1. Please go through segment 194-226 and pick out each residue that is of a type in the set (A, V, I, L, M, F, W, C) and either crowded, with 17+ Cβ neighbours inside 10 Å or in a helix (DSSP H, G or I) (or both).
2. Can you tell me which residues in segment 131-151 are under 16 Å from Arg89 (Cβ atoms) and not in a strand (DSSP E or B)?
3. Here is a list: Ala164, Ala122. Which entry is crowded, with 24+ Cβ neighbours inside 10 Å, more than 9 Å from the chain's Cα centre (by Cα) and at pLDDT 95 or above?
4. Given the conditions (1) of a type outside the set (Gly, Ala, Ser); (2) in a strand (DSSP E or B); (3) in the same structural domain as Ile94 (by TED's automatic domain parsing), which single one is not true for Cys189?
5. Select from segment 32-50 the residues that are touching a Ser or Thr at 6+ places or on another chain (Cβ under 8 Å) and not hydroxyl-bearing (Ser, Thr, Tyr) and list them in ascending order.
6. Hey, among the residues in segment 93-109 that are buried (at least 23 other Cβ atoms within 10 Å of the Cβ) and within 17 Å of Thr131 (Cα to Cα), which one's nearest to the chain's Cα centre (by Cα)?
7. For segment 20-31, check the following and say yes or no: at least one residue is within 19 Å of Asp109 (Cβ to Cβ) and in the same structural domain as Glu90 (by TED's automatic domain parsing).
8. Tell me which residues, restricted to segment 107-130, are hydrophobic (A, V, I, L, M, F, W, C) and either farther than 17 Å from Arg96 by Cα or part of a strand (DSSP E or B) (or both).
Amino acid sequence: MSIHPTAIIEPGAILAEDVEIGPWAYVGGNVKLGAGCVVHARATLDGSVEAGERNIFGFGCVVGAPPQDYAFNPSQISGVRIGSGNIFREYVTIHRGTKPDTYTVVGNDCFLMVGVHLGHNACLSDRVIITNNCLLGGYVNIEEGCVLGGGAILHQFLHVGKFAMVSGGARLNKDVPPFCIVDTKNVLCGINTIGLRRAGFSPELRTEIRKAFRKVFHTNLNVSEAVAQAKVEPFPPEIAGFFDFITSAKRGVGSTNRSYGDAGAGRAPE
């Protein structure tokens, strides 16, 4: 174990033998870090924080601070739960849950770049990439394989479906269906073709996803009618979740801007 002499490790903290703690870092007494974790200079891990293996906490990041919620009672126990293989770059902030025995959750192999903020009770699945200065409100749910562009702002309780992409600077207060690209304010501008290709989706399946997107959003029907009509067609089972997501979205989903066409900013030649 490598702990800089200026670091503060409170009694009760549980650290794997090969954990590295940098200068002026602070690790609270209810923190548990797995093998291979690195806490860089001036990072703070406080409250109930449990992290798996090979996580990197960058310079000045803060994990486990109290939520920004007037209703929060400091005497209540809540926390942050983190998987393995994640990178949290400089000045990332992750607040703990706001209600008793609730958690802000980060899965495995996520990459949060400089200045990202996760509000209380947010949930990231695996392999999520969030670029610089994104702000996620409380209870935001991001499914696997999503990419959020720099400076995106997500309203509390939003749900972003798997392998979706949020363009830089987007301001969202509606849910984002799986596989889609969303731009500006809730504008769905196509399918995340590049992300799907990188995730191993076959050309045939990407074509079917694009057809499903057109069936729902490039039609004269309203979204509910379009989804009902599309569900009776023989789409592959992998696409069923796309339709289910749209019909169950609590905040509704964005709409398309026809000037983008069906390609969107992430479309590349097949």
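1. Kept after step one, since they are of a type in the set (A, V, I, L, M, F, W, C), are these residues of segment 194-226: 194, 196, 199, 201, 205, 209, 212-213, 216-217, 221, 223, 226.
Selection gives Ile194, Leu196, Phe201, Leu205, Ile209, Ala212, Phe213, Val216, Phe217, Val223, Ala226.
2. If the condition is that a residue be under 16 Å from Arg89 (Cβ atoms) and not in a strand (DSSP E or B), then Thr131, Asn132, Asn133, Cys134, Gly149, Gly150, Gly151 are the ones that fit.
3. Of Ala164, Ala122, the one residue that is crowded, with 24+ Cβ neighbours inside 10 Å, more than 9 Å from the chain's Cα centre (by Cα) and at pLDDT 95 or above is Ala164.
4. (3)
5. Selection gives Gly34, Gly47.
6. Here the answer is Val106.
7. Step one: list which residues in segment 20-31 are within 19 Å of Asp109 (Cβ to Cβ), which gives none.
The answer is no, given that none of the residues of segment 20-31 is within 19 Å of Asp109 (Cβ to Cβ) and in the same structural domain as Glu90 (by TED's automatic domain parsing).
8. Answer for segment 107-130, where residues must be hydrophobic (A, V, I, L, M, F, W, C) and either farther than 17 Å from Arg96 by Cα or part of a strand (DSSP E or B) (or both): Cys110, Phe111, Leu112, Met113, Val114, Leu118, Cys123, Leu124, Val128, Ile129, Ile130.
The values are calculated or read from the model by the stated rules, or taken from the named source; none is laboratory data. The shown structure was predicted, so the numbers you read here are calculated from the model rather than taken from an experiment. Cβ coordinates were reconstructed from backbone atoms using ideal geometry, including for glycine residues, and neighbour counts include every protein chain displayed.
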